[in-house]
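The values are calculated or read from the model by the stated rules, or taken from the named source; none is laboratory data. What you see is a predicted model, and the numbers here were worked out from it, not measured in a lab. Here the Cβ is made from the backbone with ideal geometry for all residues, glycine too, and neighbour counts use every protein chain on show. Areas reflect the complete protein model, heavy atoms only, side chains present, ligands, DNA and RNA absent. Shrake-Rupley method; radii C 1.70, N 1.55, O 1.52, S 1.80 Å.
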Amino acid sequence: MTVTNSTQYFSLGAYFDTGVFKPLYFLIVLALYICIIGANVLLIVVICVNRSLHEPMYLFLCSLFVNELYGSTGLFPFLLVQILSDIHTVSAPLCFLQIFSVYTYANIQFSNLAVMSYDRYLAICHPLQYNTLMTSKKVIVLIALSWSIPFIAILILICLTASLQLCGNIINKVYCDNYSIVKLACSDTTVNNVYGLIVTFLLIISPVFLIFYTYMKILRVCFSGSKQTRQKAFSTCAPHLASLLNVSCGCCFEVIQNRFDMEFVPKMLRIFLSLYYLSFQPIFNPVLYGLNMTKIRIIVCPADLLNQLSTREDQMEAPLFTECPEIYICHVTVWFWYQQHK
């Protein structure tokens, strides 16, 4: 990269004067960041501490929650500083670091979701062979690949972008974006564009196709099975599909905004939608899985357990608790306590 005074830093052109609302925007973003940290750390600790959750599905969830912390940390501290600042500039090295963080976060997100769909496919379509096919070693390998491949791919992407000679330094976003920098280049960007398409296909489109393929197989098994099988499959797969749709919609708008003229869309709406998958996905996933995954919900919210006890006192043998001895023991203990104090 040819370093001149104009390319040692970038100006973020999407910011505007918020006047007296600056402290309010700062507190809103700070509160959201605190909620993201709290929710994800809570679920990571719950999964790590409770041996009953040391199963492939929950380990993949733990990887997903760690990625939410990683991605939000690459964005929110930067946003908080920029909101309070009167001059919205960022040094080139810091800008490329943020691009690396944001892009790896998005690609790891799709990789994690693809691995989780594969896990659900084996659990539902091949239940008898599941423990043989999804071993502890395989879980570690899948998690390592879902992180390492995006890291290597995006590192190469950043190196290609950093080697360009730039003729401007204004990025019309509230955070650093790779394609916005590529558009500032004076030199030929064919290699960057081709490599970007390859990365998009391999790390985003391919995982999405894998997810749809596995869920087509899962749906076929579910519709041919019993009602209980369909309910159990739906309870474990619905959060995953909701998470996929949420992040996919956010990423689609970001791609559309980069490739096409969106001046007809109000500026505030463009800013909100460009930040959507980076700011709401990290809080959406822990809330979604925390509320829908029964084992996690019972550990995190004991009150939910008491509500079940008060309405189902005669159902001590419920499959939910007999699936896991530790939760069953907890259930019995709390049930006796409830009977003595009600």
* Asked: Any idea how far apart residue 86 and residue 172 come out in nm if each label point goes 7 Å out from Cα toward Cβ?
  -> 2.7
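Using heavy-atom solvent-accessible surface (probe 1.4 Å) with all chains present, what is the largest-first order of 247, 191? Show your work: numbers first, answer last.
On the way: 247 0, 191 90 Å².
Order by accessible area, largest first: 191, 247.
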* To do: Considering only protein heavy atoms, with the full assembly of protein chains and a 1.4 angstrom probe, order 268, 116 by accessible area, largest first.
  => 268, 116
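In region 9-302, how does Rg compare with the Kirkwood Rh, expressed as the Rg/Rh ratio over alpha carbon atoms?
Rg divided by Rh gives 1.00.
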* Between residue 42 and residue 131, what is the spin-label point distance in nm, taking each point 7 Å from the Cα along the Cα→C-beta axis? -> 3.3
* Asked: For region 98-240, what is the per residue volume of the convex hull drawn over the alpha-carbon atoms, in cubic angstrom?
  -> 118
* **Dipole magnitude of region 9-302, debye to nearest 20 (Cβ charges: Lys/Arg +1, Asp/Glu -1, about Cα centre)** => 1140
* Accessible area, probe 1.4 Å, largest first, for residues 137, 183, 22, 173 -> 137, 183, 22, 173
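Pop the C-beta distance of residue 217 and residue 252 into the FRET formula with R0 = 22 Å and round what comes out to the nearest 0.05.
0.30
For residue 9 and residue 265, what does the FRET efficiency come to when R0 = 30 Å and r is the distance between their Cβ atoms, rounded to the nearest 0.05?
Values: r = 28 Å, r/R0 = 0.92.
Step by step, r from the Cβ atoms, then E = 0.60.
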